[in-house]
Amino acid sequence: MRPSLCEDEWARRPQRGFSIFEAVMVLMIVGLVIAALTPGVVRTIEHGRVDRAANAVAAQFYLAQSLASRQRRPVAVAVSAANKTITISDAISLTRLSIRYFGTEGAFNLRALTATPTSVNVQPNGMATASIVVDVGNVTYKQQVRMTRAGQIRILR
């Protein structure tokens, strides 16, 4: 039989594990760090979404130039602020060739998609009938995509 341990020997034994107080303090510190980092992460995600949408608008302009050149006919590019869409259609037959959603139906979930002017024709040589500027953005962050009459497409930061 083992001899019984007296109270002094129990006090000298090393403790195993953490106390409840130590565990709560660690959880509080982790919670504070997460709370401090969350706004920055959300802002980065929003900026990334707007940047991807601006690239998609530029891609739509390039697609319009390509379709006009391939068909050897002008195509119309129309931006709908209400529906948050960009539609490419044949300028002569009005056949819809492409539509891209930037609102809640699409992958970008943008709050703002506006254009000045709202539509432009792209000729088979790549030139446009007017310069168009599309504003893409959310509440705090915006991008502009511009296509000049000469057909140059730029994303303005």
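Going residue by residue through the range 119-135, is there one that turns out to be at pLDDT 95 or above and over 28 Å from Gln71 (Cα atoms)?
yes
Name the residue, out of Gly48, Gly17, that is out of contact with any Asp or Glu (no Cβ under 9 Å at 6 or more places or on another chain) and over 26 Å from Leu156 (Cβ atoms).
Unique residue meeting the criteria: Gly17.
What pairs can you find where one residue is in the range 126-149 and under 12 Å from Phe61 (Cβ atoms), the other is among the aromatic types (Phe, Trp, Tyr) and modelled with pLDDT of 95 or more, and their Cβ atoms are less than 7 Å apart, with a gap of 6+ or different chains?
Listed by first residue and then by second, the contacts come to Met147/Phe61.
Going by the structure shown, is Ala115 surrounded by 14 or more Cβ atoms within 10 Å (Cβ to Cβ), on the phi < 0 side of the Ramachandran plot and of a type in the set (Gly, Ala, Ser)?
Numbers: surrounded by 14 or more Cβ atoms within 10 Å (Cβ to Cβ): yes; on the phi < 0 side of the Ramachandran plot: yes; of a type in the set (Gly, Ala, Ser): yes.
Yes; evaluated as a whole, the condition is true for this residue.
Criterion first (crowded, with 16+ Cβ neighbours inside 10 Å, assigned to a strand (DSSP E or B), among the aliphatic types (A, V, I, L, M) and in contact with a helix residue (DSSP H, G or I) (Cβ under 6 Å, 6 or more places away or on another chain)) does Val120 satisfy it?
No: the conditions fail for Val120.
Is there any pair with a first residue in the range 46-73 that is in contact (Cβ under 8 Å) with a residue 12 or more places away in the chain and surrounded by 14 or more Cβ atoms within 10 Å (Cβ to Cβ) and a second that is part of a helix (DSSP H, G or I) and of a type in the set (A, V, I, L, M) whose Cβ atoms are under 9 Å apart and which are 6 or more apart or on different chains, and what are they?
Cβ pairs passing all conditions: Arg73/Leu67.
Kindly indicate the residue of the range 91-112 that is hydrophobic (A, V, I, L, M, F, W, C) and part of a loop (DSSP other than H, G, I, E, B) and also surrounded by the most Cβ atoms within 10 Å (Cβ to Cβ) among those meeting that condition.
Phe102
What is the number of the single condition among (1) more than 18 Å from Ala54 (Cβ to Cβ); (2) touching a Ser or Thr at 6+ places or on another chain (Cβ under 8 Å); (3) at pLDDT below 95 that Glu105 does not meet?
(2)
The values are calculated or read from the model by the stated rules, or taken from the named source; none is laboratory data. What you are looking at is a predicted structure, and each value in this text was computed from that prediction instead of being measured. So basically every Cβ, Gly included, is an ideal-geometry build from the backbone, and we count neighbours across all protein chains shown.
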